[in-house]
2 protein chains.
Amino acid sequence: MSKSRGRVTLPSEANFLKETEEMLERWGADALRDSDGTKLDDEIKALNAKIYTTYFVARGHNEFAETHMEECQQLYLMSRHNTATGSSLDIPFMDGYYQEQVIPDYLHDPKKWWEVIDRTTQQTVPADQWTLDQEKHLVHIRNAEEFHEYTVSFLVYAIWDPTQMYNHITNNWGNKPHEIPFDVRQTASGSFAKEYLRKWLLENPDTDVVRFTTFFYHFTLVFNNHAKEKYVDWFGYGATVSVKALEEFEREYGYALRPEDIVDNGYYNSTFRVPTPAYLDYMDFVQRFVAKKAKELVEIVHEAGREAMMFLGDNWIGTEPYGKYFQNIGLDAVVGSVGGGVSLRLISEIPGVKYTEGRFLPYFFPDTFYEGNDPCPEAARNWLTARRALMRKPVDRIGYGGYLSLAYRFPKFVDYIEHVTDEFREIYENVHGGRPYCGLKVAVLNSWGAIRSWQAYMVAHELRYKQCYSYMGMMEALSGAAVDVTFLSFRDLREHGIPEDIDVIINAGDAGTAFSGGEEWADPELVSMLRRWVYAGGGFLGVGEPCAYHKGGRYFQLADVLGVDKELGFTLSTDKYYTQAQEEHFINCDRSEPYDFGESMKNVYALSEETEILEYSDGEVHAAAHPYGEGYGVYLAGLPYSYANTRLLMRALYYAAGKTDRYQIWYAGNQNCEVNAYPDTGRFAVQNNSMEEQRTLVYDGEGRAEEYVLGPGEILWKEISSI
Amino acid sequence: MSKSRGRVTLPSEANFLKETEEMLERWGADALRDSDGTKLDDEIKALNAKIYTTYFVARGHNEFAETHMEECQQLYLMSRHNTATGSSLDIPFMDGYYQEQVIPDYLHDPKKWWEVIDRTTQQTVPADQWTLDQEKHLVHIRNAEEFHEYTVSFLVYAIWDPTQMYNHITNNWGNKPHEIPFDVRQTASGSFAKEYLRKWLLENPDTDVVRFTTFFYHFTLVFNNHAKEKYVDWFGYGATVSVKALEEFEREYGYALRPEDIVDNGYYNSTFRVPTPAYLDYMDFVQRFVAKKAKELVEIVHEAGREAMMFLGDNWIGTEPYGKYFQNIGLDAVVGSVGGGVSLRLISEIPGVKYTEGRFLPYFFPDTFYEGNDPCPEAARNWLTARRALMRKPVDRIGYGGYLSLAYRFPKFVDYIEHVTDEFREIYENVHGGRPYCGLKVAVLNSWGAIRSWQAYMVAHELRYKQCYSYMGMMEALSGAAVDVTFLSFRDLREHGIPEDIDVIINAGDAGTAFSGGEEWADPELVSMLRRWVYAGGGFLGVGEPCAYHKGGRYFQLADVLGVDKELGFTLSTDKYYTQAQEEHFINCDRSEPYDFGESMKNVYALSEETEILEYSDGEVHAAAHPYGEGYGVYLAGLPYSYANTRLLMRALYYAAGKTDRYQIWYAGNQNCEVNAYPDTGRFAVQNNSMEEQRTLVYDGEGRAEEYVLGPGEILWKEISSI
């Protein structure tokens, strides 16, 4: 079989020519990149491969920034809560912050731009009731209410880019200058960004692809007084703030933002907060600015005959690849880090670019590539997890990062990645461009909708959090499942109704968060729209505390649809008679292992004998279904990721959709395997998601079954007529 | 040793004379009572013992009630939630109710007295938009909002007393007439109640004690269409309602109650609901009426030279032994059922009666007393649990109920109760009247305060509920602990401040319930009052979701005091660095077994390095302490009852109070044992709460220790000077 080539990007480094050539050949790579800490030398740049070069727009130019400190990026920060134990109170508002990262902005009038809030009443303290000591960074409040808590929301300048700071501190870079982040919204910075790029392109003629890392505003990342991470929000617009931005916002929108609109009680509009109208306006405002400015840079790149690629991270804030303005930027490509199926889909689904690229794990760094460690298991885990999503919607390229010289010392790893890159190209050839068979169309409903496609429940770009994994598991399961997935916001529903082609709407999350929806569910229009739709045959799947808002004797506002509600303590006096799980049910009939609802949910109970209880233990319902008119509600207490839970989810979706007769279509009986069919190309694939041999029945498009045996991780490609 | 006698009540029955005499002698009993299903005959009534006779005021007189059906007791009931799937909706509001118990009241104008509510908007539907079909018990709504949910709140007549109904159905009493409950607020019923009592007293000259079971209004107990319990609230005022009552209320208070004030979204003002001002007014209104009417009956009893005793149960609603009006009734005694320490204190602390009596378990019924079963373990468990509370504040008498002839067949049981009755009298002689040593004064703070003394977290008189046992355990621990316990409401604090002698305030319960306080914590005055008090040296103990109300960036409004808060998902982006439990701490230094927080609480985290984490597991803090000025906050995730948790609570209280140096005073080192000292009588007792032999150090009032060995369940009485 002749070696396939292309669609793979390698990191390389100086003085590594011969080995780079060998690796280009073995992995079939056609592009080379630099990484943090590596540079490509001229010999390597002359190889037969595209050259990607990392480019920073808004940092790494201290020669400019140091002479324009008034154009540093800004943030609104909130002090700790401070209790007034007497009638006056001093708030050392910088306490807990790292003064090498941020310094108070005393250039703009604090009386105008800052806010002191009595958090016990939520009232703003009038500006004439406090004074500021700029020497000691103290706000002094007069006539404080005793034993009320107060906070100061204050503007700072960011004087150190947080990513460089992290690397600087972690790697003990000593005297290396701190890279100062400047704000391209300001006049001098805006001009500089363009001029410098033009110059840089002239100086870097070998660069084929300018890899923007990224544009203008870093996600919110603030350090504490021990120089450790204090607050990190990968989605946060914190660092986009400036007095200029606030003034422009007011001119455009006709109202001024308060500091509290940004600070939000110290939550800083986390994606878990139901977004306020003001914050949504502000996001839109920033996005339009970022798209406009980024477009100018991309045009410069194009004029120089190069490609423009965006790294989905670091200074990506405001680009919002699923937002309204992203496609105006005119980027050629987006590259992002792949932690699993969800982050793969997050990259591969981005609309309006020529190609997408996923950087796979492990990163070629000494934390994995050290003597005595085998990097293959991490690589295989990463590959098999992300592969499920590739089978649905592939990225156009894959790549790796770090020190190639490190990876090169692990021959078994080099072999494994040779297999991975070949397999990737095979998948891509089969899958690319066609539409895989989808048994259902599923909409994930939350406060964000499409703009946060594949981004729900994420903290800090897909870290595992106790409060999230039971919902992230559902997203991970969906990322590789044979269903269409779309994302809807409550606003979408109000403005456009429920799209006609949706089979099941999923609402999942903890009560009060943007993902379950909180006070959105107080809206009679929303609630009745969903009831009407399910009643007419739709499916509603609730996970955790879906549609939770306490009103009218219900906690789950669609309790009538779900057939379950959560006991808050107010109906303990009402007898709960429905405690028997059904002996047989479509949704769990093939479950062979104990249930795992992750963090699960307490105190959920069935409302009537019509509720089909699937699992009941410890005095609680954790899984149930319920007919509602022509449709169904299904409830699951949580869904951490596993093959068994993926199966549970798929059965729940088919049941909710009333399409159980269509379940065994392009279907593998063994839960470790999955089937994807590609009618456009006339092929289908049976994949073994596990690292063990598996035997499975495979059902074709007509529901006819045949048995297959698959080796560890194997994919079998077949013609559709062949079964 | 000569046999002690008295303070014990026995049930007896007809044709059981000789054995009754024997049992009177062996158990030292001095009173005899009838029970459900038993009557005393003349021979037995002639024995040397007081005779108690059960008396029903408002049921069991069908000869009267049947001729005054318009004076039946009434309730407001709520229909199920009904979804309008079109523009009109029929609500069969009686669905799910038992028509042999309740029938709709069509005598009073439903348009005036009923309420149809759109539960999706919480708006009342105008009366001209619905009609009523009295034949089919249907409310028909015109112009319904499609896919809104509607409920009907409607008045019914209760035509069968629920306790008699339960016994009737359970025991298959067939044609035995249904006892009709009548309402003494109505003219004829009010007169009848008095006249009949006068007559009855004449007819029952042997009765020494009229045991009222009870007065006028049964706790809310509603059955479903299968004649099974549907709703039971031992505290519920549901059956006190009538059109007459509502009219009198309006005249007196100047405003009319809505049905919703009683129905409360179908929660019927459960004690877990933060009470509304209207419901508190209504309770007060009912209490005044009940006290006035009951006083009239008690006076009749006294005029006949008898004693009046009230059974704390059944028709006890409105008497509120801890309320403002109870003492006006003039009762001689209260008797109640003892399930453990909490219910013992609930009885023994009732103010303003000459004596209290506890009916102990097991009840002499065939469910326990059957061939092959040993009733002793249940008796011992009940006795040892309640005994802790007796040591603090004894009831004046104990007793048993049921068929004496059944118990008589179990000689080992008869022996054991002989021991119990002797031990009770010994305790009583030592403890009665004096004030036991109290190391601390503790206040339980909730929405109810004193009126629900020892009644917090109770559903249906101390049944075990998943949602309660982790808080009831704290109450049970307190019931036998060497601390003063008082109950305060938020209103008490607002009106009178925090009493000077309180060492620790406890707030415990699930968020939003009357026991943690819900929206009460939005009040800046309350929050700052408590902060000020702790800051000056007070102790605040929070259990579960104390002071939980989401506001100002806090969920626990006293998070600054407790040093912990609960993660709602909004601060996931904020790093939580405080995850190390302290190696040594006063509160848990003697814990030798795994923690048991019962239902526990998720997602609680420490706010700063000042928080003293006592237990950290599964990414959560479950026990912590925190200095606050001169005082302390302590947090516990839950406290199911056990000797180890009693110890944990006591240490937490002493730590919160800042009195750790006073902890080992009248103290037993072994957690299975406790010490109670009675300075007034110069004695102290060391008790073994377990059924195994125990060895323990005993610390006296000066903190000097001596070792004791105690047999199973033993109490050693010593002179204070003897150690």
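Details
- With both residues required to sit in chain A, DSSP beta bridges show an antiparallel share near 55%.
- What separates the B:Met691 label point from its copies, with the point 7 Å along Cα to Cβ, is 5.2 nm, written shortest first.
- Counting Cβ atoms of other protein chains within 10 Å of each residue's Cβ and taking the mean over peptide A:266-273 gives 5.
- Reported to the nearest whole Å, the Cα centre-to-centre distance from region B:560-577 to region A:404-474 is 31.
- Probe 1.4 Å, accessible area per residue of region B:357-502, Å²: 34 Å²
- Hydrodynamic radius (Kirkwood) for region A:591-665, which is based on Cα pairs only, to one decimal in Å: 13.1 Å
- Expected 222 nm ellipticity per residue - DSSP helices of 4 or more, -39500 (n - 2.57), all of the protein assembly as shown, to 500: -8000 deg cm²/dmol
- The accessible surface of region B:290-388, taken with every protein chain in place and a 1.4 Å probe, is 49 percent carbon and sulfur.
- Reciprocal mean inverse distance between Cα atoms of chain A - Kirkwood radius, Å: 27.6 Å
- Spin-label model distance (nm) - B:Glu707 vs B:Lys295, 7 Å beyond Cα toward Cβ: 6.1 nm
- Exposure check, 1.4 Å probe, all protein chains in place: B:Tyr255 carries approximately 80 Å² of accessible surface.
- Efficiency of FRET between A:Tyr577 and B:Ile103 - r from beta-carbon atoms, R0 25 angstrom, step 0.05: 0.60
- Modelled spin labels at B:Ser608 and B:Trp717, positioned 7 Å past Cα toward Cβ, are 5.3 nm from each other.
- Efficiency of FRET between B:Asn48 and B:Trp200 - r from beta-carbon atoms, R0 25 angstrom, step 0.05: 0.55
- Among chain B residues, the beta-carbon with the smallest distance to the axis carrying B onto A is reported, with distance in whole Å, as B:Lys602, 4.
- Shielding of peptide A:560-572 by partners, expressed as the average count of other chain Cβ atoms within 10 Å per residue Cβ, is 6.
- Shape of region B:471-553, Cα gyration tensor, a/c cut at 1.5: oblate
- Candidate cross-link partners of A:Lys18 among the aspartates and glutamates, defined by an alpha-carbon separation under 15 Å and a same-chain spacing of 8 or more, comprise A:Asp41, A:Asp42, A:Glu43.
- Highest to lowest packing among A:170-179, A:28-37, scored as the average C-beta count within 10 Å: A:28-37, A:170-179
- Residue-averaged beta-carbon neighbours from other chains (10 angstrom radius) around A:78-90: 2
- Heavy atoms of chains A and B lose about 5300 Å² of accessible surface on contact, summed over both sides with a 1.4 Å probe.
- FRET efficiency for A:Thr276 and A:Leu463, using Cβ-Cβ distance with R0 set to 22 Å, rounded to 0.05: 0.30
- Label-to-label distances for A:Lys136 across copies, nearest first, come out at 7.9 nm, using points 7 Å from Cα in the beta-carbon direction.
- Figure note: B:Ser600, A:Ser88, A:Ser270 ranked by solvent-accessible area, largest first, 1.4 Å probe, ligands and nucleic acids not counted: A:Ser88, B:Ser600, A:Ser270.
- With all protein chains in place and a 1.4 Å probe, the accessible surface of region A:63-203 carries 47 percent carbon and sulfur.
- Legend: P(r) of the protein assembly as shown from all alpha carbon pair distances, 20 Å bins from 0, whole percents, reading 9, 30, 33, 19, 7, 1.
- Sorted from nearest, the other copies put their B:Asp284 label points 5.1 nm away, the label point being 7 Å from Cα in the direction of Cβ.
- Distance between the modelled labels on A:Tyr166 and A:Arg26, one decimal in nanometres: 3.1 nm (7 Å Cα→Cβ projection).
- Positive dipole terminus of region B:494-612, leading residue within B:Tyr549, B:Leu607, B:Ala514 (C-beta point charges): B:Tyr549
- J(HN,Hα) series, region A:441-450, from Karplus relation 6.51 cos²θ - 1.76 cosθ + 1.60, nearest Hz, glycine and proline x: 10, 10, 10, 8, 9, 8, 6, 9, x, 4
- Taking all protein chains together and rolling a 1.4 Å probe, A:His419 ends up with roughly 90 Å² accessible.
- A loss of 30 Å² or more of accessible area (1.4 Å probe, protein heavy atoms, ligands and nucleic acids excluded) relative to the isolated chain is seen in these residues of region A:137-157: A:Glu146, A:Phe147, A:Glu149.
- Residue order for B:Ser528, B:Ser4 - accessible surface, 1.4 angstrom probe, largest first: B:Ser4, B:Ser528
- For the protein assembly as shown, with +1 on Lys and Arg beta carbons and -1 on Asp and Glu, the positive-most of B:Ala158, A:Met23, A:Thr356 along the dipole: B:Ala158
The values are calculated or read from the model by the stated rules, or taken from the named source; none is laboratory data. A quick note: this is a predicted structure, and the numbers were derived from the prediction, not measured. Virtual Cβ from ideal backbone geometry, glycine too; neighbours counted across all protein chains shown. Areas reflect the complete protein model, heavy atoms only, side chains present, ligands, DNA and RNA absent. Shrake-Rupley method; radii C 1.70, N 1.55, O 1.52, S 1.80 Å.
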